[in-house]
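The block underneath contains the structure these notes are about, expressed in structure tokens.
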Amino acid sequence: MVDENNLEKYVSEDGFDLCVMCEIKTEYKTDIAIEERSFYVDGAGQLCPKCYSGAEDISREYDYLSKYLNSFYKIR
Ligand SMILES: [Zn+2]
């Protein structure tokens, strides 16, 4: 079930989406289609450019880590 109160938390008073990580106001109004946005993450929501680049770093590191662990477990 979608929590509407939680969704509304990430919208500024003047109708702009907030970054779901740092809650800064983004350049996108809530009625802008997802396909027309940058820095939007499926399943997470709108991010600001700063958090988006941070999230990419994290996923890159995680990918590296999981590959490392996989090779480690294969050896054993
Ligand atoms: Zn942010």
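Return the pairs, sorted by first residue and then second, in which the second residue is of a type outside the set (D, E, K, R), the first residue lies in region 50-67 and is without any contact (Cβ under 8 Å) to a residue 60 or more places away in the chain, the beta carbons are less than 6 Å apart, and the residues are 6+ apart or on different chains.
So the pair list comes out as 51/19; 51/21; 51/22; 52/39.
Identify, please: which residue in region 27-44 is in contact (Cβ under 8 Å) with a residue 12 or more places away in the chain and in contact with a Phe, Trp or Tyr (Cβ under 6 Å, 6 or more places away or on another chain) and is, among those, farthest from the ligand (Cβ to nearest atom)?
Filtering region 27-44 for residues that are in contact (Cβ under 8 Å) with a residue 12 or more places away in the chain and in contact with a Phe, Trp or Tyr (Cβ under 6 Å, 6 or more places away or on another chain), the one farthest from the ligand (Cβ to nearest atom) comes out as 29.
Could you list, in sequence order, all residues of region 20-76 that are among the polar types (S, T, N, Q) and over 15 Å from the mean Cα position of the chain (by Cα)?
Those that are among the polar types (S, T, N, Q) and over 15 Å from the mean Cα position of the chain (by Cα): 30, 66, 70, 71.
I'd like the full set of residues that are under 12 Å from residue 45 (Cβ atoms) and at pLDDT 55 or above, limited to region 1-21.
Of everything in region 1-21, those that are under 12 Å from residue 45 (Cβ atoms) and at pLDDT 55 or above turn out to be 9, 10, 11, 17, 18, 19, 20, 21.
The values are calculated or read from the model by the stated rules, or taken from the named source; none is laboratory data. Keep in mind it's a predicted model, so treat the numbers as computed, not measured. Reconstructed Cβ throughout: ideal geometry from the backbone, glycine too, with neighbour counts over all protein chains shown.
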